[in-house]
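Please read the structure below before turning to the comments.
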Amino acid sequence: MTTVSTPDTAAQHRGFGVDVGGSGIKGGIVDLATGRLVGDRVKLPTPQPATPGAVAETVAAVVNEFGWTGPLGVTYPGVIQDGVVKTGANVDPAWIGANVRDVIGAELAGQDVTVLNDADAAGVAEARYGAGRDHTGVIVLLTFGTGIGSAVIHNGVLLPNTEFGHLDVGGKEAEHRAAASVKEKRGWSYEKWTRQVTKVLVAIENALWPDLFIAGGGISRKADKWLPLLQNRTPVVAAALQNTAGIVGAAMAAEPGFGVEEPR
Ligand code: BGC
């Protein structure tokens, strides 16, 4: 296949995102007009222990694979304020208090690094290019994985650092009730697990009244097995971008005009 490209125009619409996960650190160049990756993503294993310094080196290695020298966005699985880590329920405790912008920036010869919560990144990407693209109003994206991540987007603009995974739902933290890891650990059926997910969705919708839920995380690939079992009132759709959402949202965060202001 022959591809005709116009490098100058295309370059203006490109960004770079890195998604830091528990097992892999994934990055790629993003076409910000379409939300698609330009070429393949690169995935390197997350170093163990996943301390800030070790992760920063791996992020830099991913970025350097592409020779990317512009600004970039990076996800982190916890609350980030002004580049600084405030929480990390499922990460190495050494992250708390670290300025991720500075730690990663130091590995990258001064490139501008924007950091945001992993679910926030997935949320803005899904809202703009994925399952939420034809919807207005309030969208809540939830990622079901080791924990539960959340993002709230209102008409394309992110309300950063919501932590619905840590809501108390009937005397138990939402992510201890209904993360995908709970289903796996307990060997639950989809029916059994989905009853717990319903409780979490109902708690959120009673407080927030969203127009749409988007279900993300690896388990959303099996959405046909469990979305029909949910009993809450707000429509729930499966995430569409799958494993690129974090990369795409991170790249959006590094660019002005995408509804993602770095939390200050
Ligand atoms: C963290 C969130 C994160 C989610 C998914 C939760 O435990 O508190 O910030 O988005 O896990 O990684």
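Relative intensity of the stretch 34-133 on a log10 scale, I(q)/I(0) at q = 0.13 Å⁻¹, equals -0.48, per a Debye sum over C-alpha point scatterers of equal strength in the absence of solvent.
Diagonalising the gyration tensor over the Cα atoms of the stretch 112-264 and scaling each eigenvalue by 5 before taking the square root yields semi-axes of 25, 15, 15 Å, largest first.
For Lys222, list the lysines whose Cα falls under 29 Å from its own Cα; do not include residues on the same chain fewer than 8 positions away. The qualifying lysines are Lys26, Lys43, Lys172, Lys183, Lys185, Lys192, Lys199.
For the stretch 74-128, the Kirkwood estimate of hydrodynamic radius, built from reciprocal distances between every pair of different alpha carbons, is 11.6 Å. Spin-label model, Lys86/Leu208: points 7 Å from Cα along the beta carbon direction are separated by 1.5 nm.
P(r) tail for the chain: Cα pairs beyond 25 Å make up 41% of the total. Dividing the convex hull volume of the alpha-carbon atoms in the stretch 192-264 by its residue count gives 120 Å³ per residue.
Spacing of the modelled spin labels on Thr136 and Ser23, each 7 Å from Cα toward Cβ, amounts to 4.1 nm.
A straight chain from Glu191 to Gln48 at 0.36 nm per residue would run longer than the Cα-Cα distance by 48.0 nm.
Quick one: if the Förster radius is 25 Å, what FRET efficiency do Asp40 and Ala223 give, using the C-beta to C-beta distance and rounding to 0.05? Once rounded, the FRET efficiency stands at 0.50. Computed over the Cα atoms of the stretch 124-198, the ratio of the radius of gyration to the Kirkwood radius (Rg/Rh) comes to 1.03.
Once the convex hull of all Cα atoms in the stretch 72-183 is built, its volume per residue stands at 116 Å³. To put it simply, the accessible area of the stretch 84-131 at a 1.4 Å probe is 47 percent carbon and sulfur.
The values are calculated or read from the model by the stated rules, or taken from the named source; none is laboratory data. Quantities reported herein were computed from a predicted structural model and do not represent experimental measurements. Every residue, glycine as well, gets a Cβ built from its backbone with ideal geometry; the counts of neighbours run over all protein chains shown. Please note that ligands, DNA and RNA were not included when accessible areas were found on the heavy atoms of the full protein model with its side chains. Shrake-Rupley method; radii C 1.70, N 1.55, O 1.52, S 1.80 Å.
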